[in-house]
Amino acid sequence: MPQVSWTEVVPAVALAIALAACAGLRAWLPLLLTGAVVRAGVIEVGPAFAFISSNRALILFGVASAIEIVADKIPAIDHALDVLGTVLRPVAATVLAASVFGSFADPVTAVALGAAVGAPTALVPHAAKSVLRAASSALTAGVANPVISILEDLIAVALFLLAVLVPLLAGGLVLLTAWLIARRLRRRAPSAPAPSTT
């Protein structure tokens, strides 16, 4: 394997993190968008992951994205999608991150790195989205969920564009957001009762 410099690795890691976070909001849309920009030659992925820009993959990702985006606007279906997304989104994030790492690592290493970086990163926005949806369903009987879904679509696309154009900034924003969420959850967690001395 050729020598890889930090100037290649750091932006790649930031891009992988940002793409994985996109997958935490939408499983298929980031795959479609990534496949399109790879096809256009905007970003480079490893040879083992070139399939994401193939005609068949783009058609599959396009159809799946349309189904996911439309179905997510239907309150009776969006909760089922979230349950399915708990499995699909980390897998999509792993593929996206691995494809980026594949540009400088062998396929096995790329998949291992993709799983280590992508899956946990995707679960952060997925969990936040699930909590927000549950609160919205409780407070508005699901009426506000389609509006929230549209905002999630816009955030996923905006984060994707930022990831492609300025990966270091996008990756940094994702890490900062994850840290803020974790900090808030720690503050809200009930503290353990002090042991009795009697």
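All of the numbers you see were taken from the coordinates with simple rules; none came from a lab. Fair warning: this is a prediction, and the values are worked out from it, not measured in the lab. Cβ: placed from backbone, ideal geometry, glycine included. Neighbour counts: every protein chain shown.
Below is a table of values for the structure above.
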read-out: Sum of -39500 (n - 2.57) over DSSP H runs of 4+, divided by residues of the chain (222 nm, nearest 500); value: -26500 deg cm²/dmol
read-out: Kyte-Doolittle mean at least 1.6 and Cα axial length at least 20 Å: DSSP H helices in the chain; value: 6-25, 145-165
read-out: Selected from Val108, Cys22, Pro125, residue furthest toward positive end of dipole (the stretch 7-187; charges at beta carbon); value: Pro125
read-out: Formal net charge of residues neighbouring Asn145 (Cβ-Cβ distance under 14 Å; K, R +1; D, E -1); value: -2
read-out: Label selected from (i) 65, 47, 26; (ii) 60, 41, 32; (iii) 55, 31, 25, the criterion being Cα extents along the principal axes in Å as computed here; value: (i)
read-out: Inter-part distance where the stretch 7-45 and the stretch 136-159 are each reduced to a Cα centre, Å; value: 23 Å
read-out: For peptides 42-48, 18-24, sequence by mean Cβ density within 10 Å, most packed first; value: 18-24, 42-48
read-out: Net +/- balance of residues flanking Ala127 in space, Cβ distance below 13 Å, scoring K and R +1, D and E -1; value: +3
read-out: Length-normalised contact order for the stretch 7-187 - Cα pairs under 8 Å, 6+ apart - percent; value: 35 percent
read-out: Residues whose placed amide H lies under 5 Å from that of Gly46, excluding near-sequence neighbours; value: Gly102, Ser103
